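The values are calculated or read from the model by the stated rules, or taken from the named source; none is laboratory data. Quick caveat, the model's predicted, so the values are computed rather than measured. For neighbour counting, all protein chains shown are included, and Cβ atoms are generated from backbone atoms with ideal geometry for every residue, glycine included. To get the accessible areas, we keep the full protein, side chains included, count just its heavy atoms, and leave off ligands, DNA and RNA. Shrake-Rupley method; radii C 1.70, N 1.55, O 1.52, S 1.80 Å.
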Amino acid sequence: MTISVVLFDLDDTLFDHRRSVELGITAHRISLGGDLADADPTVEFARWNGLEEHHYHRYLSGELEFLGQRRERAKDFVAPYGIELDDDEADAWFATYLLEYERTWQLHDDVLPCLEALTPARFGIVTNGDLEFQQSKMRATGLLDRVEYVIASGAIGVAKPDPAIFRHACEVFGVEPEAACYVGDRLRTDAVGAASAGLLGVWLDRPGVATPDELTDASAAGVPVIRSLAELPPLLAS
Ligand SMILES: [Mg+2]
């Protein structure tokens, strides 16, 4: 396989977003006191994840601004507890949560060994998000210096799984899609989207939650499934 450019998704592929979200929302909830502090951690973490998924999708589809999706998440999270936040209060609430979220930023353990093993390949990020915010995570974890380009949907107006964002990344690197692979933790948004643009799409299923239907879809799209980034260098060498 002649892959010279290896592109990655950021959140939950290289950057351990979920862990920081779980620690962040738990710490923030407890700091608020009252019923929220006493609530079930597993239930509240799942609810926060659901709200992120819902409102972030509204941002990616252009329905909400980046700050707007944060605001809606904050409002919806506390609403079942009889708390009503106005816009300014919701912004302040989210800013306090962010401090807790940012406190625990880290990469997954398999990232740096994978990049070492793949060198001298060229590296890039294609992410659905706000360019500056995504870059701040990469800067804090030492990742920013290790990649050539960061392609963020918020900066170019096209989001994964639209093949256009993957083709754009290849153009930025000056390579044909066949010379690039894309690795991400979401089968359809990441791997199948990239495959439909002509790249080798690779699905990183860290928790091993692939269903038989998903494995069929991955196979049909020519998408290899890996459980760890340690599997990527041998895959690309084969
Ligand atoms: Mg991801």
For the range 119-139, which residues satisfy the criterion of being open to solvent by 20 Å² or more (accessible area, probe 1.4 Å) and over 16 Å from the mean Cα position of the chain (by Cα)?
THR119, PRO120, ALA121, ARG122
Among the helices (runs of 4 or more DSSP H) lying completely within the range 1-100, list those that include at least 2 residues that are touching a residue at least 60 places away in the same chain (Cβ under 8 Å) and under 30 Å from ALA117 (Cα atoms).
17-32
From ARG58, ARG70, residue being under 30 Å from ARG146 (Cβ atoms), among the basic types (Lys, Arg) and at pLDDT 95 or above
ARG70
Among the residues of the range 152-169, which ones are in a helix (DSSP H, G or I), open to solvent by 30 Å² or more (accessible area, probe 1.4 Å), within 16 Å of the ligand (Cβ to nearest atom) and without any contact (Cβ under 8 Å) to a residue 40 or more places away in the chain?
none
Residues of the range 170-190 satisfying the condition of being within 11 Å of the ligand (Cβ to nearest atom) and surrounded by fewer than 18 Cβ atoms within 10 Å (Cβ to Cβ):
THR189
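Every residue, every condition in (1) within 16 Å of the ligand (Cβ to nearest atom); (2) under 22 Å from SER136 (Cα atoms); (3) open to solvent by less than 50 Å² (accessible area, probe 1.4 Å), yes or no:
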residue: THR13; (1), (2), (3): yes, yes, yes
residue: ARG18; (1), (2), (3): yes, yes, no
residue: LEU23; (1), (2), (3): no, yes, no
residue: ALA27; (1), (2), (3): no, yes, yes
residue: LEU32; (1), (2), (3): no, no, no
residue: ASP38; (1), (2), (3): no, no, no
residue: THR42; (1), (2), (3): no, no, no
Quick one: is ASP217 out of contact with any strand residue (DSSP E or B) (no Cβ under 7 Å at 6 or more places or on another chain), of a type in the set (Asp, Glu), surrounded by 15 or more Cβ atoms within 10 Å (Cβ to Cβ) and outside any loop (DSSP other than H, G, I, E, B)?
yes
Taking the range 80-104 on its own, how many of its residues are within 17 Å of the chain's Cα centre (by Cα) and surrounded by fewer than 18 Cβ atoms within 10 Å (Cβ to Cβ)?
3
Tell me whether the range 113-131 contains one or more residues that are touching a residue at least 12 places away in the same chain (Cβ under 8 Å), more than 27 Å from ALA194 (Cβ to Cβ) and more than 16 Å from the ligand (Cβ to nearest atom).
no
Here's a check for you: in the range 220-231, which residue that is under 21 Å from the mean Cα position of the chain (by Cα) and in a helix (DSSP H, G or I) is nearest to VAL6 (Cα to Cα)?
LEU229
In the range 191-214, which residue that is closer than 21 Å to ARG18 by Cβ and assigned to a loop (DSSP other than H, G, I, E, B) is farthest from the ligand (Cβ to nearest atom)?
THR211
